[in-house]
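Have a look at the structure below before the remarks.
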Amino acid sequence: VQLVESGGGLVQAGGSLRPSCAASGSTFSINAMGWYRQAPGKLRELVAAITSGGNITNYADSVKGRFTISRDNAKNTMYLQMDALKPEDTAVYYCKLRTRDGMNYWGKGTLVTVSS
């Protein structure tokens, strides 16, 4: 399975971005997916996750009410709608998926920079 993120960029505080993560390869085995982020000098952290059917989601407290995770299984693509962005949201955002047999795959990341 290969993952490619896109849609990061530079935005002013209060603005919005919608990065996406496209999966290819053995996509029939995709199970849960999630977005993580890593800011300079900090550990990678979970931002949001979504189950295979898209009916259950969870979010880090820091993004609840501002970010929305979704997926389109027909397109093998996951999205992260990010609204009301803050400078502290600046990070490299990575997508991760888990297959039904428990394997984890990561994308290479997309940089999100929020200016104050």
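The values are calculated or read from the model by the stated rules, or taken from the named source; none is laboratory data. Since the model is a prediction, treat every value here as computed from it, not as a measurement. Because the Cβ atoms are built from the backbone with ideal geometry, glycine has one as well, and the counts that use them run over all protein chains shown. Ligands, DNA and RNA are stripped out before the accessible areas are found, and what is left, the full protein with its side chains, is counted by its heavy atoms. Shrake-Rupley method; radii C 1.70, N 1.55, O 1.52, S 1.80 Å.
Each label point was placed 7 Å from the Cα along the Cα-to-Cβ direction; for residue 113 and residue 100 their separation is 4.3 nm.
Taking a straight line from the alpha carbon of residue 96, these aspartates and glutamates sit under 14 Å away, with near neighbours fewer than eight places off in the same chain left out: 5, 45.
Heavy-atom accessible surface of the range 28-116, averaged per residue, reaches 54 Å², computed with a 1.4 Å probe. The value obtained for the chain, namely the Cα convex hull volume divided by the number of residues, is 92 Å³ per residue. Extending 7 Å from Cα along the Cβ direction at residue 61 and again at residue 6 yields two label points whose distance is 3.7 nm.
The apolar share of the surface of the range 1-93, taken as the fraction of accessible area on carbon and sulfur atoms (1.4 Å probe, ligands and nucleic acids excluded), comes to 52 percent.
For the range 55-116, trypsin sites (Lys or Arg not before Pro) meeting the loop criterion (DSSP other than H, G, I, E, B) and having at most 13 other Cβ atoms within 10 Å: 64, 75, 100, 108.
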